[in-house]
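> Got a structure for you, questions after.
All of the numbers you see were taken from the coordinates with simple rules; none came from a lab. Small disclaimer: the values here were computed from a predicted structure and weren't measured. Don't worry about glycine lacking a Cβ; one is built from the backbone with ideal geometry, like all the others, and counts go over all protein chains shown.
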Amino acid sequence: MTAVPTNWRVASLVGLAGMIASAGWFSAMTLQNAAYVKAVGQIELVFAFVASAVFFREKTMRAEFLGIALIVLGIFVVLRYR
């Protein structure tokens with residue numbers, strides 16, 4: 001709790017980004033079927049995977065690549081046959 005007053009600027013930016021993201025999710029789900037929005041939202045996992053490999057130099061296994069490929073395939077199927 002002692003670090004909060006000293007880091008309030010960074011914490012405010014993180015909070016603002018979270019608020020904007022939540023507003024985006026809410027807006028998308030009011031404009032489109034929520035199932036489609038959540039399915040396409042799985043691309044977030046792909047970005048997290050890429051970030052962990054690029055920025056944190058994490059080693060990846062074949063099963064992880066297969067999982068990412070299945071997620072991307074699932075997103076394409078949802079977009080194609082919606």
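> Okay, helix-only estimate at 222 nm for the chain: each DSSP H run of n ≥ 4 adds -39500 (n - 2.57), divide by all residues, round to 500 deg cm²/dmol; what do you get?
-25500 deg cm²/dmol
> Between the DSSP loop rule and a limit of at most 11 other Cβ atoms within 10 Å, which GluC sites (Glu not before Pro) in the chain are left?
Within the chain, the qualifying GluC sites (Glu not before Pro) (loop, at most 11 other Cβ atoms within 10 Å) are 58.
> Binning at 5 angstrom from zero up to the longest distance, how are the C-alpha pair distances of the chain distributed in percent?
In whole percents, the pair-distance histogram is 3, 12, 15, 15, 16, 15, 12, 7, 3, 1, 0.
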